[in-house]
Each structure stands twice: as structure tokens, then as C-alpha cells.
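Read the structure below first, then the notes.
Nothing in this text is a laboratory measurement; each read-out follows from the coordinates by a stated rule. Note that the structure is predicted; figures quoted are calculated from it, not measured. Heads up, the Cβs are rebuilt from the backbone with ideal geometry, glycines too, and the neighbour counts pull from every protein chain shown.
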Amino acid sequence: KAGVTQTPRYLIKTRGQQVTLSCSPISGHRSVSWYQQTPGQGLQFLFEYFSETQRNKGNFPGRFSGRQFSNSRSEMNVSTLELGDSALYLCASSLGSGGDNEQFFGPGTRLTVL
Amino acid sequence: GQNIDQPTEMTATEGAIVQINCTYQTSGFNGLFWYQQHAGEAPTFLSYNVLDGLEEKGRFSSFLSRSKGYSYLLLKELQMKDSASYLCAVRASKTGANNLFFGTGTRLTVIP
């Protein structure tokens with residue numbers, strides 16, 4: 001069974017631009033959670049999608065948004081990029097709700113904002 | 001909110017035993033996870049505790065004390081490949097849904 005895949009793996013953008021990241025969960029998994037990982041803050045929860053609905057949201061500004069498609073694939077969008085948005089963005093999939101089940105992480109997208 | 005603390009870095013010798021501690025203060029606590037993350041790779045699940053006590057899985061064991069807000073991950077017979085970051089994550093219920101909240105991780109270096 002294929003694992004969680006994320007595209008692109010690396011991305012360089014400039015301040016003010018917007019970016020869209022993609023995550024394909026393990027086949028059969030219905031939940032996708034997104035995290036931001038930085039050296040100083042560790043892994044921080046962004047949001048979770050389950051059956052195309054945002055089920056949970058962390059404490060990030062509205063510039064961070066996401067969606068989930070009927071095949072459970074998910075996208076995350078960040079608008080008006082800031083230097084501080086440079087981070088590794090990880091998605092994790094699980095069978096049921098991410099908080100109730102073991103999560104399987106993808107390799108991440110390394111975003112650099114210049 | 002959630003406050004999760006773990007040491008930033010630790011060093012141990014190959015073949016030895018190391019204990020990585022994690023303390024937390026959280027409302028709606030509903031379980032604690034440990035993940036391993038090698039540099040440049042995704043975190044992988046190691047263990048899960050929801051009741052007090054010790055859970056053993058091969059060379060790795062995890063302990064939880066809910067009353068003390070404390071957990072540790074014990075790694076025995078250390079191998080060089082155990083050099084990685086170890087993430088403590090607390091599951092907490094917020095508005096009826098469970099979320100995972102991660103500590104900043106402990107970077108373990110195993111030396112010969």
C-alpha cells in the first residue's frame with residue numbers, strides 16, 4: 001500500500017505570493033491533517049479535513065486555508081506569504097479522525113519564502 | 001491551552017539506555033503519543049499511552065502518569081540508527097474533537 005505523498009517536495013516563493021500544497025492520503029484513509037514544522041515551534045497543527053469537511057482548526061491566521069476532495073486528497077493554500085511562513089509542511093492521514101487514530105505522515109513540503 | 005516540554009537535545013552511547021522525558025499541562029487530555037523523526041524524513045509512530053503505566057514494544061517503552069502530567073520514552077540497547085528527534089504529542093479534546101499537540105522534540109545523538 002502506498003504511503004502518504006506530498007507535492008511538491010520543495011518550493012521557493014517570495015513575500016506576498018500565494019502557494020498551494022497537495023497531499024494524497026493512504027488509500028482508504030478519510031482524514032487528512034496538516035502541520036507546520038519549524039525548528040523553534042516544533043510541529044503545530046493547522047487543520048484537519050474529514051470527508052471533505054474541515055473538522056478542526058489550529059491557531060493560524062486566515063491566510064492559511066485548505067480543502068479536501070471527494071477522493072480524500074487535500075490541498076493547503078497560503079496567501080500573502082510572509083518570511084515567517086518558511087517551514088516544513090507535513091500532512092498526515094488516518095482512517096478516522098486524526099485525533100482518534102494513528103496518523104501516518106507524508107515526507108513534507110519544504111517551503112522557503114524569500 | 002497546551003504546554004508540552006521536553007529536553008532539546010540528548011546524547012547517549014551505543015548499547016546504553018536513554019530516557020527522554022515529556023511533561024505536559026493540558027485540558028481535555030486524552031492520550032499521549034511518541035513519534036520518531038529522522039532528519040529530513042516524516043515522523044513515524046512509536047507508541048501510545050492513555051492509561052497510567054508502562055507500555056513495552058521491543059527496545060522501546062513508554063510510560064505515562066496522568067496525575068503528574070508526565071511521560072517518558074525509554075530506549076534500550078541503543079543503536080546508531082536511533083539518532084533522531086523524538087516527538088511527544090498530547091491528544092486533547094477541544095470542542096468535542098480530538099487534536100494532537102506536539103512538543104518541539106528531543107534530538108538524540110547516539111555516539112560509538
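Here is how the numbers come out for the structure above:
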| read-out | value |
| --- | --- |
| Chain B - percent relative contact order, Cα under 8 Å, separation 6 or more | 36 |
| Gaussian network model of chain A, springs between alpha carbon atoms under 10 Å - residue of A:88, A:46, A:11 with greatest fluctuation | A:11 |
| Selected from B:49, B:99, B:21 as most flexible by GNM, with chain B as the system and alpha-carbon contacts under 10 Å | B:99 |
| Per-residue mean of C-beta atoms belonging to partner chains within 10 Å, peptide B:29-41 | 2 |
| Residue with peak Gaussian network fluctuation, chain A [Cα springs, cutoff 10 Å], from A:79, A:27, A:70 | A:70 |
| Three-way shape call for segment A:1-99 based on the alpha-carbon gyration tensor, with the a/c threshold at 1.5 | prolate |
| Cβ-defined net charge surrounding residue B:109, 15 Å radius [Lys, Arg +1; Asp, Glu -1] | -1 |
| Residue mean of other protein chain beta carbons inside 10 Å, A:37-44 | 5 |
| Cα Rg over Rh - the protein assembly as shown, Kirkwood | 0.97 |
| Segment A:1-54: relative contact order in percent, alpha carbon pairs under 8 Å with at least 6 residues between | 27 |
